[in-house]
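Heads up, the thing below is written out as structure tokens.
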Amino acid sequence: MVAKVLLVGLLTVAAATDVLRHRIYNWTTYPGILVAVGLNALGSGLSAAAIVDQAALARLGWIGLAESLYGLLICGVVLLICYVLFKVGGGDVKLMAMLGAFLGPGQGVVAMLWTFVLGGCLGLIVLVWRMGPLALLGAVFRHLVWMLRLARPQPLTPEERALLQPPLFLAPSALVAAVIVQFALIG
């Protein structure tokens, strides 16, 4: 439970700074990664010394040092690839690495996928809010007709490009995703 509370707290801080300042700060992610790995290293040591049993550590959110490092690596590398290919922010990379360090590779990847789904839905909501539902449907229809008639996509106008560049807040999505995964709210 300690790890769950720490993760939710760190993600709450990251979500607040992401929404208010469009930044996820290193002073949130780096200590979070160190705390996650440190807690899991401590748990591994206590378990190996037979001081505390595995069930008690699992209740505290312990996943083991190896699982923590695997989660850190897998979630971090996936977002690093997204950073290189899709212009995802560096703070988002460190945030997902922290998520993986707390949750391990299995739950970390599930939470990361939930983050992408929720972030995409949030981006779509922002787009509909900016354009309006009828204007958005009209633009989609015009582009589909153009594509069907000429077998190639219609170039976007500068205004359309600007509308498709809303800020994507992954930290709030990661917070909701972590709560969903940690507390098994869905599935």
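For Pro155, neighbours were defined as the other residues whose beta-carbon sits under 15 Å from its Cβ, and their charges (Lys and Arg +1, Asp and Glu -1) total +2.
Count neighbours as other Cβ atoms within 10 Å of each site's Cβ, and list the trypsin sites (Lys or Arg not before Pro) in the range 82-187 that are DSSP loop with at most 13 such neighbours. Present the calculation step by step, with values, prior to reporting the outcome.
Values: sites: Lys87, Lys94, Arg130, Arg142, Arg149, Arg161; in loops: Lys87.
Of the trypsin sites (Lys or Arg not before Pro), the ones in loops of the range 82-187 whose Cβ has at most 13 other Cβ atoms within 10 Å are Lys87.
Please tell me the relative contact order of the chain in percent, rounded to the nearest whole number, where contacts are Cα pairs under 8 Å and at least six residues apart. It rounds to 28 percent for the chain. Label-to-label distance, Met147 versus Val84, with points set 7 angstrom from Cα along the beta-carbon direction: 2.8 nm.
Rounded to the nearest 500, what is the chain's calculated 222 nm mean residue ellipticity when only DSSP H runs of at least 4 contribute -39500 (n - 2.57) each, over all residues? Mind showing how you got there, number by number?
Details: 8 runs with 150 residues, N = 187.
Value at 222 nm, helices only: -27500 deg cm²/dmol.
Computed from Cα atoms alone, the Kirkwood hydrodynamic radius reported for the range 62-187 is 16.3 Å. In the elastic network of the chain, a GNM with C-alpha springs shorter than 10 Å, the most mobile of Ile125, Ile63, Ile33 is Ile125. Considering only Leu156, Val126, Val5, and ranking their Cα positions along the charge dipole of the chain that arises from unit charges at the beta-carbon of Lys, Arg, Asp and Glu, the one farthest toward the positive end is Leu156.
With K and R counted +1 and D and E -1, the other residues having a Cβ less than 15 Å from that of Cys75 yield a net charge of -1. The distance separating the Cα centre of the range 152-178 from that of the range 79-127 comes to 14 Å. What angle, in degrees between 0 and 90 and rounded to the nearest 10, separates the Cα long axis of helix 26-48 from the longest principal axis of the Cα atoms of the chain? It works out to around 40 degrees.
Computed from the coordinates by the stated procedures, all read-outs in this text should not be read as laboratory data. If you're wondering where the values come from, they're calculated on a predicted model, not measured in any experiment. Glycine also receives a Cβ, built like all others from the backbone with ideal geometry; neighbour counts cover every protein chain displayed.
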